[in-house]
Amino acid sequence: QVQLVESGGGSVQAGGSLTLSCGASGSIASSLMMGWYRQGPGKARELVAAISSGGITNYADSVKGRFTISRNNAVNTVYLQMNSLKAEDTAVYYCNARYRPNPWSSVVNFWGKGTPVTVSS
């Protein structure tokens, strides 16, 4: 079992920046993928950004060029740097960790409880 704790959310004006952090209770170096998802008011949860164990990143089109995901395996933490924030970025942001405990097992997902981000225009 891996526990994930997000921090860094808050309120910011449009055009501003925030950095989210996700601390894991276990090693993220052994994860398949670490990611950030978000769920806006009345919307489904969506992938924002993900980073593989090899450092390959993937971003939603809506955040490309504005958000950057990174990981520090030494401190078991994943970050999401968010710049040029827009009102439509308002959502609860969730950290996700994806593992495959052994080669013959299914993928297991762990989720944090989320951190809210509010962007005012």
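Some notes on this structure:
- The range 38-63 and the range 10-28: distance between their alpha carbon centers, rounded to Å: 13
- Accessible carbon and sulfur surface of the chain relative to its total accessible area, %, 1.4 Å: 50
- Per residue value of the accessible surface for the chain (all protein chains in place, 1.4 Å probe), Å²: 52
- Dimensions of the range 1-117 based on its C-alpha atoms, expressed as ranges along the principal axes with the largest first, amount to 45, 29, 24 Å.
- T118 paired with N72, simple spin-label distance in nm, labels 7 Å along Cα-to-beta-carbon: 2.9
- Theoretical gain in end-to-end length, T57 to S106 [0.36 nm per residue, Cα-Cα removed]: 15.4 nm
- Sparse-neighbour loop sites [trypsin sites (Lys or Arg not before Pro); the range 11-86; at most 12 other C-beta within 10 Å; DSSP]: K43, K64
- Residue separation of L32 and Q13 scaled by 0.36 nm, minus their Cα-Cα distance, works out to 3.4 nm of gained length.
- Full extension of the chain between S84 and K64 gives 6.1 nm of extra length, using 0.36 nm per residue less the Cα-Cα distance.
The values are calculated or read from the model by the stated rules, or taken from the named source; none is laboratory data. Quick caveat, the model's predicted, so the values are computed rather than measured. Note that each Cβ is placed from the backbone with ideal geometry, even for glycine, and that neighbours are counted across all protein chains shown. Calculation scope for accessible area: heavy atoms of the full protein, side chains included, ligands and nucleic acids excluded. Shrake-Rupley method; radii C 1.70, N 1.55, O 1.52, S 1.80 Å.
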